[in-house]
Amino acid sequence: MEIFVQQVVSGLATGGIYGSVALALVMIYQATDVVNFAQGEMAMFSTYLAWSMLNAGVPYWAAFFATLAVAFVGGLLIERVVIRPVENAPVLTVVIVCIGLLVIFNSVAGWLYSYIQKPFPSPFPEKPFKIGDVFFGAHDLGALGVTLLVLLFLYVFFRYTTLGLAMRAAAQNPVSSRLCGIRVGWMLALGWGFAALVGAVAGMMIAPIVFLDPNMMSGILIYAFASATLGGFTSPGGAVLGGLIVGVVENLVGTYVRFIGTELKLTVALAMILIVLLVRPSGLFGRATVHRV
Amino acid sequence: MKRSSLVALALIGALGPLLVAGPAAAQSPGVTPTEVKIGNTNPYSGPASAYGTIGKALAAYFTKVNAEGGVNGRKIDFVTLDDGYSPPKTVEMVRRLVEQDQVAFVFQTLGTPTNSAIHKYLNQAKVPHLFVATGATKWGDPQHFPWTMGWQPTYQTEGHIYAQYVLRNVPNAKIGILYQNDDYGKDYVKGIKDGLGEAAKKLIALEQSYEVTDPTIDSQIVNLKNSGANVFYNVTIPKFAVQAIKKAHDIGWKPLHLLNNVSASVDVVLRPAGLEASKDLITALYLKDPTDPQWRNDAGMKDWLVFMQKYYPDGNTKDAFNVYAYTVAQGLVHVLKQCGKDLSRENIMRQAASIKDLALPLLLPGIKVNTSPTDFYPIEQEQLAKFDGERWVLFGEVYDAGKK
């Protein structure tokens, strides 16, 4: 029983990681209708910026918010400079551009900061605490809390603010939005900015757990895709919950299902993507998208 | 008619000198009176690019050798290409090195899967494939692959050392193993199992694997702790070693922790994981760790630092890979010196297979390089060390796998 609870707790902790990156993926999908494969690397790069500031002696929260600002502007610029020219190109072109960005960010980070992993501080207490025989990491809980806060922020933003509504409209129906006077181009750029910001939060929460190196997001991104697919690419809450489910299922299956064991854990995530896409393509909480043809 | 015969004549005129020069060059390709050309591949891009520094440090060392007059009057022309740790690319690059660039031999190609891909090709082409940068066991097989030679102690050797230590020092051992699910991890596991012999089945409580793509190994550590293991055999690359040390500490698991040499760097692994959490770790070493304070006044280490500053200023002086590269480059220079004037491929191989008690400045005291026509494992000695919270403290005697 103790092992079961400990595996669930540890699954929730890793699931929180997946959920936070999935949230950034959903954010950009909602705001621009693009699946951004470079999301993880952008988050990693933002985390390096935070690391540089912390290393230069900037206090944690100052570095945290400065990083968010830089990430936001960076995301905005990427949209303006790199994505804009291929805006009306086929989906495949955009995907390839995103993969190009992924490789570029990865290599530049390696070139600037080397591939040696670096410890990244956590704003939460170091010491894990113990309830019964089960250990809870203070950082894991804190990170999950931060992810939920971001989620709440996104929910309110997209539902109740004019800007949020305008962004959703611009992503879903650019032509009508433009006729309503929404500056669609800028809305898409803002979407990239916000997604980069959400990604930066995720990066700074993940780095204390997996340690900071240029490849820190490569594995996580796959699980984040599984989470977002499971929860639904149109549902931020679903993405976070999807992350937690993937994390826990992965641990339990790895522990209790003998023939899967730890060797096929990644396969479990990929199988989840496949099953969801076959059975319920919009995910558990996503709205089915209908396109008029 | 007339024109085409003119073309033919011109062609013969152009190719003639080549045809004449051909046979002489074929005797020892890549070697001129003033130069010897050496080929190499390294992952300068892609997921394994942390290793890329080895290729850069090798190139820097040969620049130093050339600045000091070369080897036996010959300068070293070191051609190193990026294979991105991708075996098909390694094949392409190495073929280019051999067939187009006409290198004398191939040296320190990095990676187990990548070297496996060129293993047969180089042996068929009879091109020396020297001191490969991998600890797999298959590189020391002169009977079937007389042109390939390893360098570092094999992962299996290291596994043996830990097995002996456990058998002698831990009375009621229950061993939990965490390993990377590939050739590297499995070699280490085979090493300890072979070393434990009959007792292996009884002593190993649980084996857990992870994939390089896994974000964390928390779940595995939880299972290992739960298995009741009092010995933790940690076969992970630095990225996961840091996590494993920290997680085991965080959930209050205090086994005898055997950490594989791959991740023994103080600054890269132990410091990020926490020095307190790293206390009492045990590993097997053969090189001096540049971040270990006990070597601060060591003459060899000082020379290395001067070399790094002068020839590889961008390189990280905390990175043990740069020590590794420096040492293996010195090993090669020793072989080339021993070759004298005869740099034919046969002689290069012959000399590589007759290194006697070569001590190099950054090998641990007492560890020597030895090869023979039947022994293609240059370094086979390692010594155990325990981390005292600041540095690795060597203990016990130097273990020699060659003297089994």
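The values are calculated or read from the model by the stated rules, or taken from the named source; none is laboratory data. Given the structure is predicted, the values throughout are model-derived calculations rather than measurements. As a convention, Cβ positions derive from the backbone with ideal geometry for all residues, glycine included, and neighbour counts pool all protein chains shown.
Quick one: would you say B:Thr80 is modelled with pLDDT of 95 or more, closer than 30 Å to B:Asp214 by Cβ and not in a helix (DSSP H, G or I)? Write out each step before concluding.
Values: modelled with pLDDT of 95 or more: yes; closer than 30 Å to B:Asp214 by Cβ: no; not in a helix (DSSP H, G or I): yes.
Spelling it out, it is not the case that B:Thr80 is modelled with pLDDT of 95 or more, closer than 30 Å to B:Asp214 by Cβ and not in a helix (DSSP H, G or I).
Can you tell me which condition A:Thr262 does not meet? The list is (1) within 22 Å of the chain's Cα centre (by Cα); (2) within 14 Å of another protein chain (Cβ to nearest Cβ); (3) part of a loop (DSSP other than H, G, I, E, B), and all the others hold.
(1)
Scan the stretch A:235-245 and tell me whether some residue there is touching an Asp or Glu at 6+ places or on another chain (Cβ under 8 Å), β-branched (Val, Ile, Thr) and more than 7 Å from chain B (Cβ to nearest Cβ).
No, because not a single residue in the stretch A:235-245 is touching an Asp or Glu at 6+ places or on another chain (Cβ under 8 Å), β-branched (Val, Ile, Thr) and more than 7 Å from chain B (Cβ to nearest Cβ).
Pick from the stretch B:319-371 the residues that are touching a residue at least 60 places away in the same chain (Cβ under 8 Å) and of a type in the set (Lys, Arg): which of them is surrounded by the most Cβ atoms within 10 Å (Cβ to Cβ)?
Ranking the candidates gives B:Arg345 first.
Specify which of the listed residues (B:Asp267, B:Asp292) is within 14 Å of another protein chain (Cβ to nearest Cβ), within 26 Å of the chain's Cα centre (by Cα) and closer than 19 Å to B:Gly389 by Cβ.
B:Asp267
Just checking, how many residues over the stretch A:5-38 are under 18 Å from A:Pro236 (Cα atoms) and touching a Cys at 6+ places or on another chain (Cβ under 8 Å)?
Of the residues in the stretch A:5-38, 4 are under 18 Å from A:Pro236 (Cα atoms) and touching a Cys at 6+ places or on another chain (Cβ under 8 Å).
Restrict the check to the stretch B:32-50 and report whether at least one residue is acidic (Asp, Glu), in a helix (DSSP H, G or I) and modelled with pLDDT of 90 or more. Quick ask: steps written out before the conclusion?
Within the stretch B:32-50, the subset acidic (Asp, Glu) is B:35.
The next check asks that each one be in a helix (DSSP H, G or I); those that pass are none.
No, the stretch B:32-50 contains no residue that is acidic (Asp, Glu), in a helix (DSSP H, G or I) and modelled with pLDDT of 90 or more.
Of (1) in contact (Cβ under 8 Å) with a residue 60 or more places away in the chain; (2) over 13 Å from A:Ala200 (Cβ atoms); (3) within 12 Å of chain B (Cβ to nearest Cβ), A:Val94 satisfies all except one. Which?
Only one criterion in (1) in contact (Cβ under 8 Å) with a residue 60 or more places away in the chain; (2) over 13 Å from A:Ala200 (Cβ atoms); (3) within 12 Å of chain B (Cβ to nearest Cβ) is unmet by A:Val94, namely (3).
Could you check how many residues of the stretch B:257-278 are on the phi > 0 side of the Ramachandran plot and touching a strand residue (DSSP E or B) at 6+ places or on another chain (Cβ under 7 Å)?
Kept after step one, since they are on the phi > 0 side of the Ramachandran plot, are these residues of the stretch B:257-278: B:274.
Next cut, touching a strand residue (DSSP E or B) at 6+ places or on another chain (Cβ under 7 Å) only: none.
Matching residues across the stretch B:257-278 total 0.
Please work out which residue is farthest from the other protein chains (Cβ to nearest Cβ), limiting yourself to the stretch B:189-225 and to residues that are part of a loop (DSSP other than H, G, I, E, B) and touching a helix residue (DSSP H, G or I) at 6+ places or on another chain (Cβ under 7 Å). Break it down stepwise before answering.
Within the stretch B:189-225, the first condition is being part of a loop (DSSP other than H, G, I, E, B), and the residues that meet it are B:211-217.
Now restrict to residues that are touching a helix residue (DSSP H, G or I) at 6+ places or on another chain (Cβ under 7 Å): B:211, B:213-217.
Working: B:Glu211: 6, B:Thr213: 4, B:Asp214: 6, B:Pro215: 4, B:Thr216: 5, B:Ile217: 9 Å.
My answer is B:Ile217.
Given the options A:Thr47, A:Thr14, name the one that is under 18 Å from A:Ser218 (Cα atoms), surrounded by 20 or more Cβ atoms within 10 Å (Cβ to Cβ) and within 14 Å of chain B (Cβ to nearest Cβ).
That would be A:Thr14, the only listed residue that is under 18 Å from A:Ser218 (Cα atoms), surrounded by 20 or more Cβ atoms within 10 Å (Cβ to Cβ) and within 14 Å of chain B (Cβ to nearest Cβ).
Any residue that is facing another protein chain (nearest Cβ under 9 Å) and within 14 Å of the chain's Cα centre (by Cα) - is there at least one of those in the stretch A:191-201?
no
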